[in-house]
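Undergrad: Structure in structure tokens, see below.
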Amino acid sequence: MEKFAAHTLLSHSEVKNYLIDTLQLFEENTPLIIEEIGDGNINYVFKATDSAAEKSIIVKQSDTLLRSSGRPLDISRNKIEADILKLYHQLVPTYVPEVYAYDEKLALIVMEDISACKNLRHELMVEQTFPAFAEDISTFLVTTLLSTTDLCWDKKEKKQMVKAFTNIDMCDISEDLVFTEPYNNYKNRNVIIEDNQEFVETHIYNNQALIGEVAQLRSNFMNNAQALLHGDLHSGSIFVSQSAMKVIDPEFAFYGPMGYDIGNVIGNLFFPLARAANYSANEAFSQWLTDTIETIYDLVESKLTLAYDQKVTLSLYQNEAFKAHYIKEIMADSLGYAGTEIIRRIIGDSKVAEISEAPDSTQRVLMERHLLKFAEALILNRSEITTGKELLELYRVSAPLAQQNGG
């Protein structure tokens, strides 16, 4: 249709017409139900359902502006998302939704409906457990990350991929919200509960040892085009059931350090763990989550080692000392980026529900301090931790430190 020749935000009726007339994914006169299901800040997400045929699909359209602030955004991020989902579908087809169509002018992706799975963050908030999650997410991480490095990929093709996935606007958001504003509130956008203002001043804003390490992590994020990253792999971008896992929303994708994706997964699992410790008596859930975090760390390292041996063929890279150093750096980066993810979600204005919806109380004050001290320790000691067990021990010993250093 001519009216769709340029970017415009589609109405419910236009989405329906587009799916039926332009893409012909449904028969003409299908009583198609269109509902908006997205709650994000930069996209519109619709679910189209033909209840009679028990068929549904998802339509995701990118806007040119942030809903909250009106900040301009390059809609090419939508093409990056479509391209990486297609690549993921080649590498790990069971772990991502299938893309049915992509319209570059409309910045619109039509893809598989994965509503049989549920948002992992929401499920952990109500203390659901998923026994296969550690196995699934570690396989996803190792396969998608190592396969897209130039240890495994043709070096010329990898350089073309770096160019194709140069994601300027979305990386700029991360560089600011993750690595700058939580340590220097120069835009006055940080949101800190009153009882923790002094604590944050002392232990974050004025902590030069911490800031020096975060500067290294920021520089690595910006300059180390190691592997193709999802770029925003928190628990809200992962959907799960008892038999499946799906990863969505890779619009922040770019070539960066592998540890950033791994660290985002690990870091976000400490929010429901801290919430359960402070507001729940569900010991079975806490134990499962503790075991899951430990297992993810250990499985990522062991699967990386195995995949490295299977996929890396250049004799220079088959050197055992190089391999050990390479994997050790990835795991250290992962812990550092887990720390920056925890800090930014507590201090910055992009919160997680586990923290923002916790009742204002002494418990919340101490929970936030515990997580901040833990994140600080992760960043400062990231090269010294070698097992999932040591990671969890660091979390445990950070709790009394948070109370002793009340600011």
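The values are calculated or read from the model by the stated rules, or taken from the named source; none is laboratory data. Since we're looking at a predicted model, the values are computed, not measured. Virtual Cβ from ideal backbone geometry, glycine too; neighbours counted across all protein chains shown. Note: areas computed on protein heavy atoms with side chains; ligands, DNA, RNA excluded. Shrake-Rupley method; radii C 1.70, N 1.55, O 1.52, S 1.80 Å.
Undergrad: Could you please let me know if residue 58 is part of a helix (DSSP H, G or I), at pLDDT 90 or above and open to solvent by less than 40 Å² (accessible area, probe 1.4 Å)?
TA: For residue 58, the condition - part of a helix (DSSP H, G or I), at pLDDT 90 or above and open to solvent by less than 40 Å² (accessible area, probe 1.4 Å) - is not met.
Undergrad: Follow-up question, since we're still on this one. Tally time: how many residues in segment 241-250 are within 10 Å of the chain's Cα centre (by Cα) and open to solvent by 10 Å² or more (accessible area, probe 1.4 Å)?
TA: Residues of segment 241-250 that are within 10 Å of the chain's Cα centre (by Cα), as a first pass: 247-250.
Remaining after also requiring open to solvent by 10 Å² or more (accessible area, probe 1.4 Å): 248-249.
So the answer is 2.
Undergrad: In this structure, is residue 161 more than 27 Å from residue 10 (Cβ to Cβ), outside any loop (DSSP other than H, G, I, E, B) and either open to solvent by less than 10 Å² (accessible area, probe 1.4 Å) or not small (Gly, Ala, Ser) (or both)?
TA: Answer is yes for this residue.
Undergrad: Further question on the same structure: Can you go through 194, 213 and tell me which one is open to solvent by 20 Å² or more (accessible area, probe 1.4 Å), in contact (Cβ under 8 Å) with a residue 40 or more places away in the chain and charged (D, E, K, R)?
TA: That would be 213, the only listed residue that is open to solvent by 20 Å² or more (accessible area, probe 1.4 Å), in contact (Cβ under 8 Å) with a residue 40 or more places away in the chain and charged (D, E, K, R).
Undergrad: Could you identify the single residue in 261, 232 that is surrounded by fewer than 24 Cβ atoms within 10 Å (Cβ to Cβ) and either within 22 Å of residue 377 (Cα to Cα) or under 12 Å from the mean Cα position of the chain (by Cα) (or both)?
TA: Of the residues listed, the single one that is surrounded by fewer than 24 Cβ atoms within 10 Å (Cβ to Cβ) and either within 22 Å of residue 377 (Cα to Cα) or under 12 Å from the mean Cα position of the chain (by Cα) (or both) is 232.
Undergrad: Follow-up. Hey, can you tell me all the residues within segment 143-157 that are open to solvent by 10 Å² or more (accessible area, probe 1.4 Å) and either in contact (Cβ under 8 Å) with a residue 12 or more places away in the chain or of a type in the set (Asp, Glu) (or both)?
TA: Once the filter is applied, which keeps residues that are open to solvent by 10 Å² or more (accessible area, probe 1.4 Å) and either in contact (Cβ under 8 Å) with a residue 12 or more places away in the chain or of a type in the set (Asp, Glu) (or both), segment 143-157 yields 143, 147, 150, 151, 152, 154, 157.
Undergrad: If you don't mind, another one. Looking only at residues in segment 24-40 that are open to solvent by 40 Å² or more (accessible area, probe 1.4 Å) and over 31 Å from the mean Cα position of the chain (by Cα), which one is nearest to residue 77 (Cα to Cα)?
TA: Selected residue: 24.
Undergrad: Can you pull out the residues in segment 251-272 that are farther than 26 Å from residue 328 by Cα and at pLDDT 95 or above?
TA: Correct list: 272 only.
Undergrad: Got at least one residue in segment 24-36 being touching a Gly at 6+ places or on another chain (Cβ under 9 Å), under 20 Å from residue 237 (Cβ atoms) and either of a type outside the set (Val, Ile, Thr) or not in a helix (DSSP H, G or I) (or both)?
TA: no
Undergrad: Moving on to the next point. Consider residue 349 against the criteria (1) open to solvent by 50 Å² or more (accessible area, probe 1.4 Å); (2) within 23 Å of residue 201 (Cα to Cα); (3) assigned to a helix (DSSP H, G or I): it satisfies all of them except one. Which criterion is unmet?
TA: (3)
Undergrad: Now for a different question. Quick one: what pairs do we get from segment 303-315, first residue open to solvent by 50 Å² or more (accessible area, probe 1.4 Å), second outside any helix (DSSP H, G or I), C-beta under 9 Å, 6+ apart or different chains?
TA: 311/147; 311/151; 311/152; 313/151; 313/152; 314/151
Undergrad: Which condition does residue 238 not pass, out of (1) closer than 26 Å to residue 88 by Cα; (2) surrounded by fewer than 16 Cβ atoms within 10 Å (Cβ to Cβ); (3) aliphatic (A, V, I, L, M), if it passes all the others?
TA: (2)
Undergrad: Can you work out which of the residues in segment 95-131 that are open to solvent by 60 Å² or more (accessible area, probe 1.4 Å) and within 18 Å of the chain's Cα centre (by Cα) is nearest to residue 290 (Cα to Cα)?
TA: 122
Undergrad: Shifting gears a bit: On the given criteria, is residue 333 in contact (Cβ under 8 Å) with a residue 24 or more places away in the chain, within 30 Å of residue 187 (Cα to Cα) and out of contact with any helix residue (DSSP H, G or I) (no Cβ under 6 Å at 6 or more places or on another chain)?
TA: Taking the combined requirement at face value, the residue does not satisfy it.
Undergrad: Please identify the pairs in which a residue from segment 356-369 that is touching a residue at least 60 places away in the same chain (Cβ under 8 Å) and outside any loop (DSSP other than H, G, I, E, B) has its Cβ atom under 6 Å from the Cβ atom of a residue that is open to solvent by 20 Å² or more (accessible area, probe 1.4 Å) and among the charged types (D, E, K, R), counting only partners at least 6 apart or on another chain.
TA: 365/195
Undergrad: Here is a follow-up. Specify the residue that is most open to solvent (accessible area, probe 1.4 Å); the eligible residues are those in segment 71-94 that are under 16 Å from residue 8 (Cα atoms) and assigned to a loop (DSSP other than H, G, I, E, B).
TA: 74
Undergrad: Looking at (1) open to solvent by 40 Å² or more (accessible area, probe 1.4 Å); (2) under 23 Å from the mean Cα position of the chain (by Cα), which is the one condition that is false for residue 43?
TA: (1)
Undergrad: Here is a follow-up. From the list 94, 64, which one is at pLDDT 95 or above and of a type outside the set (A, V, I, L, M)?
TA: Details: 64 fails: at pLDDT 95 or above.
Residue meeting the stated conditions: 94.
Rundown of residues vs (1) within 18 Å of residue 342 (Cα to Cα); (2) part of a loop (DSSP other than H, G, I, E, B); (3) in contact with a Cys (Cβ under 6 Å, 6 or more places away or on another chain), yes/no style:
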{"position": "236", "(1), (2), (3)": "yes, no, no"}
{"position": "242", "(1), (2), (3)": "no, yes, no"}
{"position": "255", "(1), (2), (3)": "no, no, no"}
{"position": "260", "(1), (2), (3)": "yes, no, no"}
{"position": "272", "(1), (2), (3)": "yes, no, no"}
{"position": "276", "(1), (2), (3)": "yes, no, no"}
